[in-house]
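Here the structure is laid out as C-alpha cells; the discussion comes afterwards.
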Amino acid sequence: MNIVIFGPPGAGKGTQSKFIVERFNMYQLSTGEFLRKEMSKNTSIGKKISSVINSGSLVSDKIVSDLIEKIISDKQYQNRIIFDGYPRNLNQAKNLDNLLQRYKQKIHIVLKLSVSLETIKKRISERRSLEKRIDDVEEIAIKRYKTYEKSTEPVIEYYKKLNLLKVIDGENTINQINKEISDIISLI
Ligand code: AMP
C-alpha cells in the first residue's frame, strides 16, 4: 500500500505520518526532509538546492523526481511508502503515477487533513512564541496556509477525480484522527 498525505502547516501532518509509519510499518518519504539532508552535505547539488529553497521557490521537478525514484525503485520500500510533500503540482502528480507504474506499484489512498485557518490561528496563539511577536508568527502562518491551499488545489482535484481522496477532519483530537485514519487504511 502506498499513501499520499496532504495538510496545511499546523494541521498535524507530521504527527499523523509518524503514527501511520509505526502502526502500519510504512516508510515516510518527506521530500522537504530529503532535500534538507542533501543541502547539509554541501555537495554541488546540495548547494544548488540550498539556493533554491532559501529563495522560497520550489526545487526543479527533475531533481525531486530523481530523488523519489531512488526510493520507489528500492525493493525494501516497495508498497509501503507515505508520500509527504510530493506531489506539489499536477506535473509531479502525473510523474508519480508514471514512476509507480514503472515499478509495478500504485497509490492506494490520498489523505487530506482538513483544518480551517481559524483553528490554525488558535493553535498558534496557544503555543505563544517567545522570540517573535505573535502577530508576525500569525502573519507568516496565514501566508503559508494560503499558498498551500492554492498550490494543492489542482492536485487534490486530480485525486478526487481518480476516487482516491479521503478528507480527514483535522479539527478533531489527535486520537480521533488516528482512529479515522486507521479505519480507512484497514479497509484497503
Ligand atoms: P517542506 O518541508 O515540505 O515544506 O519543503 C521544504 C522546501 O523543499 C520547499 O519549500 C521546496 O523548496 C522544497 N520541496 C519540498 N518538496 C518539494 C517538491 N515536491 N517539489 C519541489 N520542491 C520541493
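The values are calculated or read from the model by the stated rules, or taken from the named source; none is laboratory data. In this text, all values refer to a predicted model and were calculated from it rather than measured experimentally. Neighbour counts are summed over all protein chains in view; Cβ atoms, including those assigned to glycine, are modelled from backbone coordinates with ideal geometry. Side chains are part of the model used for accessible areas, which takes the heavy atoms of the whole protein and leaves out ligands, DNA and RNA. Shrake-Rupley method; radii C 1.70, N 1.55, O 1.52, S 1.80 Å.
Counting only Cβ charges, +1 for Lys and Arg and -1 for Asp and Glu, the dipole size of the stretch 55-188 around its Cα centre is about 300 debye.
Among the lysines in the stretch 56-131, how many pairs, 8 or more places apart or on different chains, have alpha carbons under 20 Å apart? Final tally of qualifying lysine pairs is 11. Under 5 Å from the amide H of residue 28 lie the amide H atoms of 82, each residue being 5 or more positions distant or on a separate chain, with H modelled from the backbone and absent for Pro and chain starts. Pairwise Cα separations in the stretch 3-186 fall into 5 Å bins from 0 onward with the following percentages, short to long: 1, 7, 15, 18, 19, 18, 12, 6, 2, 0, 0. Computed over protein heavy atoms with a 1.4 Å probe, the carbon and sulfur contribution to the accessible area of the chain reaches 50%. Per-residue 3J(HN,Hα) values for the stretch 73-88, derived from phi via the Karplus relation 6.51 cos²θ - 1.76 cosθ + 1.60 with θ = phi - 60°, read 7, 7, 3, 5, 9, 4, 6, 9, 9, 9, 8, 10, x, 9, x, 9 Hz in sequence order (x marks Gly and Pro).
Which values of log₁₀ I(q)/I(0), to two decimal places, follow from the Debye formula for the stretch 97-188 at q = 0.15, 0.19, 0.22, 0.23 Å⁻¹ with a uniform point scatterer at every Cα? Evaluating at q = 0.15, 0.19, 0.22, 0.23 Å⁻¹ gives log10 I(q)/I(0) of -0.77, -1.02, -1.15, -1.18. Think of a 1.4 Å ball rolled over the protein heavy atoms: the stretch 3-186 then has 59 Å² of accessible area per residue. Summarising the label geometry, the points placed 7 Å from Cα in the beta-carbon direction at residue 79 and residue 27 lie 1.5 nm from one another.
Using the average count of surrounding beta-carbon atoms within 10 Å as a protection proxy, the listed peptides 24-30, 70-76 rank, highest first, as 24-30, 70-76. For the chain, the mean residue ellipticity at 222 nm estimated from helices alone is -18500 deg cm²/dmol, where every DSSP H run of n ≥ 4 contributes -39500 (n - 2.57) and the total is divided by all residues, rounded to the nearest 500.
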